[in-house]
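The structure appears below as structure tokens.
We did not get these values from a lab; they are worked out from the coordinates using the rules stated. Just so we're clear, the structure is a prediction, and the values are computed from it rather than from any experiment. Virtual Cβ from ideal backbone geometry, glycine too; neighbours counted across all protein chains shown.
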Amino acid sequence: MISFFETLGVWLGALMTFAIFSFLYKDNPFYKVAEQIFVGLSAGYWFVYTIYNIVLPNLIIPLKTDFSANFLLIVPGILGIFMLMRIIPQTEWLSRFPMALMIGSSAGLGMLTYTKSDIIKQLTATMMNPFDGGDWIVILGQTLLILGTITGVIYFFFSARHKGFIGVLSRIGIYFLMVSFGGAFGYTAMARISLLIGRLQFLLGDWLGLIHP
Amino acid sequence: MSKIREPLDRRIIFLLVFIGVALPIMIKVGLPIETTENVEMVYDLVESTPAGSPVLISFDYDPSTKPEIHPQAIAVIKHALKKKQKIICMALWPMGVKMCEQIFNTLEEEGIKPVYGTDWVNMGYKSGGAISLKAIGADFRKVFTQDTNGTLVDDIPALHGVRSLQDFKYVMSFSAGVPGIKEWVQVGHDMYNVPVSGGVTAVSAPSILPYVNEQQQLTGLLGGMKGAAEYEFMIGVPGTATQGMDAQSFAHLIIIILIIIGNINYFYNKKILALEEAQK
């Protein structure tokens with residue numbers, strides 16, 4: 001049995017969807033109202049959500065249930081309060097401590113992880129025998145991978161003039177880049193259509209009941 | 001009078017795409033779904049993991065990308081439950097916690113009723129991205145002391161024997177951005193050698209696909225709704241992604257036709273402009 005509030009929620013969702021979609025025709029008051037409601041609701045919802053799903057389970061409840069095991073959580077708790085001190089100009093300087101900790105630790109870990117995962121591992125993955133595959137499609141794919149990587153990097157090598165042999169390789173690099181841009185555009189189109197499908201599944205299914213999964 | 005063709009009103013394009021998406025959703029066409037190697041790798045990872053193994057599923061997305069990622073997560077969870085694996089849910093995005101809850105509620109409505117605490121558990125959200133993952137890698141129980149209901153980790157049967165990240169047979173990240181699957185690759189696989197796999201939005205797939213390589217930084221990848229539809233096809237349980245694939249194909253066909261028409265118009269206008277210039 002569907003409750004009254006569930007039905008009301010579905011109807012509101014459908015009306016808000018139409019109000020937002022109306023922008024595709026042209027800017028109008030319905031779109032503006034839906035936009036403002038969304039901004040206001042999001043801010044309020046996030047505030048409550050943060051308290052109940054982030055602050056309480058990650059800080060307050062662990063401290064209340066087992067203080068001796070979790071007493072170290074007081075440190076990030078205090079640093080979190082320092083972060084909020086940005087609101088008051090006289091105490092703004094306190095927010096620099098948590099900021100410094102966050103930037104420092106992120107930069108330190110980032111240097112390690114990016115060097116290992118995005119440079120060493122990626123380079124190692126490209127260092128292969130392209131003819132060691134058997135299937136001609138695999139061999140072609142591996143050859144293109146190596147060629148694309150080398151010519152792509154040459155295109156971004158600015159310490160030599162892109163003329164002669166280097167110019168040819170750089171040109172091939174551009175073609176590889178263009179193909180990758182095309183691929184990325186295709187994926188983007190797919191993603192946007194998927195979102196439209198999601199909305200239409202809601203409108204035609206949850207709202208109108210015309211389709212069933 | 002100039003013979004230059006005016007560009008098509010964008011509202012006509014919107015209308016065409018809208019019709020192209022809406023009609024195939026209502027009238028089922030049933031176009032074939034072909035599986036790809038990347039999706040097969042994800043399937044094989046779940047399929048080959050023994051029953052009773054603890055597996056970690058990270059919900060790193062929110063409702064804005066739900067149409068793409070939610071079906072992926074549902075399909076993989078159904079498969080893992082069928083293989084009787086113990087699912088440990090966590091989230092690097094605050095709303096990920098609710099996404100996990102919603103999936104298990106949906107499963108219950110469908111008649112799939114895994115026992116909470118024994119077959120699956122929701123550990124909730126952790127902030128900090130890669131830094132938190134590094135801590136989870138070293139000691140899972142220090143980072144997650146209790147689940148979302150407040151039950152202590154020692155009292156959760158699904159977590160028996162789990163001390164660090166290496167105790168999980170695989171990590172599956174359903175990711176819509178940062179922090180997400182990239183951080184799992186960097187920390188989970190490259191630091192702790194745990195097989196990492198998952199699904200991403202179609203927009204982010206090109207930037208994540210290079211991790212599916214000889215080094216197996218990622219064990220396969222589900223890209224967008226297409227990835228979800230392929231997985232639904234492989235487990236033999238059609239869902240919302242399969243329902244959306246006809247619409248996806250028709251919309252793509254319309255986009256391809258419009259791009260071709262646009263290019264024909266471009267070259268036609270270029271020719272007309274050149275002729276008009278010559279006449280002057």
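Each residue, B:N263 and A:E35, gets one label point 7 Å from its Cα in the Cβ direction; the gap between the two is 3.5 nm.
Amide hydrogen proximity for B:K86: with H placed 1.01 Å from N in the peptide plane, the residues at 5 or more positions away or on another chain lying under 5 Å are B:G52, B:S53, B:V55.
Classify the stretch B:124-186 as rounded, prolate or oblate from the Cα gyration tensor: take a ≥ b ≥ c as the square roots of its eigenvalues, call it rounded if a/c is under 1.5, otherwise prolate when a/b beats b/c and oblate if not. Verdict is prolate for the stretch B:124-186. Per-residue shielding of B:200-212, expressed as the average number of other chain Cβ atoms within 10 Å of the residue Cβ, stands at 5. Near B:G198, the amide H atoms lying under 5 Å from its own belong to B:S173, B:L222; only residues 5 or more places off or on other chains count, and H is placed 1.01 Å from N. Within the shell of other residues whose beta carbon sits under 12 angstrom from the beta carbon of B:F104, the net charge comes to -2, with Lys and Arg scored +1 and Asp and Glu -1. Other protein chain C-beta atoms within 10 Å of residue C-beta, averaged over A:108-120: 4. 3J(HN,Hα) couplings calculated from phi for the stretch A:104-120 with the Karplus curve 6.51 cos²θ - 1.76 cosθ + 1.60 (θ = phi - 60°) are, in sequence order, x, 5, 5, 5, x, 5, x, 4, 5, 5, 5, 5, 6, 7, 9, 10, 5 Hz; Gly and Pro show x. Rounded to whole numbers, the Karplus 3J(HN,Hα) couplings from phi for the stretch B:101-111 are 4, 4, 5, 5, 5, 4, 4, 5, 4, 7, x Hz, using 6.51 cos²θ - 1.76 cosθ + 1.60 with θ = phi - 60°, and x at Gly and Pro.
Hydrodynamic radius of the stretch B:34-115 by the Kirkwood approach over all distinct alpha-carbon pairs: 13.4 Å. Using a cut-off of 23 Å between Cα atoms, the listed pairs B:K83/B:K169; B:K84/B:K113; B:K83/B:K142; B:K66/B:K126; A:K64/B:K142 include B:K83/B:K142 as exceeding that distance. Charge tally around B:G52: other residues with Cβ under 14 Å, Lys/Arg +1 each, Asp/Glu -1 each, net +3. Among rounded, prolate and oblate, which fits the stretch A:128-213 when a ≥ b ≥ c are the square roots of the eigenvalues of its C-alpha gyration tensor, a/c under 1.5 means rounded, and a/b larger than b/c means prolate? Oblate is the answer for the stretch A:128-213, as a/c is 1.5 or above yet b/c matches or exceeds a/b. Its DSSP H runs of at least 4 residues, each contributing -39,500 (n - 2.57), put the calculated 222 nm mean residue ellipticity of chain B at -15000 deg cm²/dmol, to the nearest 500.
Take each peptide in B:145-154, A:140-149, A:46-55, count the other Cβ atoms within 10 Å of every residue, and average; sorted highest first, the result is B:145-154, A:140-149, A:46-55. The share of alpha-carbon pairs in chain A lying farther apart than 33 Å comes to 57%.
Residue-wise HN-Hα couplings along the stretch B:54-67, as the Karplus relation 6.51 cos²θ - 1.76 cosθ + 1.60 with θ = phi - 60° gives them from phi, are x, 10, 9, 10, 9, 9, 10, 8, 9, x, 5, 10, 4, x Hz; Gly and Pro carry x. Computed on chain A, with alpha-carbon pairs under 8 angstrom and 6+ residues apart, the relative contact order is 12 percent. With 29 Å as the limit on Cα-Cα distance, the pairs of A:K116/B:K82; B:K98/B:K226; A:K32/B:K270; A:K26/B:K271; B:K182/B:K226; A:K116/B:K226 that go past it are A:K116/B:K82; A:K32/B:K270; A:K26/B:K271; A:K116/B:K226.
Given R₀ = 56 Å, what would the calculated FRET efficiency be for A:E6 paired with A:A184, taking r from the Cβ atoms and rounding to 0.05? Present the calculation step by step, with values, prior to reporting the outcome.
Values: r = 39 Å, r/R0 = 0.70.
With a Förster radius of 56 Å, E is 0.90.
For chain A, the longest principal axis of the C-alpha atoms and the axis of helix A:74-84 are separated by about 90°.
For the peptides B:217-228, A:23-34, what is the packing order when you average, over each peptide's residues, the other Cβ atoms within 10 Å and list the highest mean first?
On the way: B:217-228: 26.2, A:23-34: 12.8.
Highest mean packing first, the order is B:217-228, A:23-34.
Tell me the Kirkwood hydrodynamic radius of chain B in angstroms, computed as one over the mean inverse distance between distinct C-alpha pairs.
Working: mean 1/r = 0.0486 Å⁻¹.
Taking every pair of different Cα atoms in chain B, averaging 1/r and inverting gives 20.6 Å.
Quick check on the protein assembly as shown: what does the Kirkwood estimate of hydrodynamic radius come out to from the alpha carbon pairs, in Å? Please list the in-between numbers first.
Details: mean 1/r = 0.0391 Å⁻¹.
After inverting the mean inverse Cα-Cα distance, the result is 25.6 Å.
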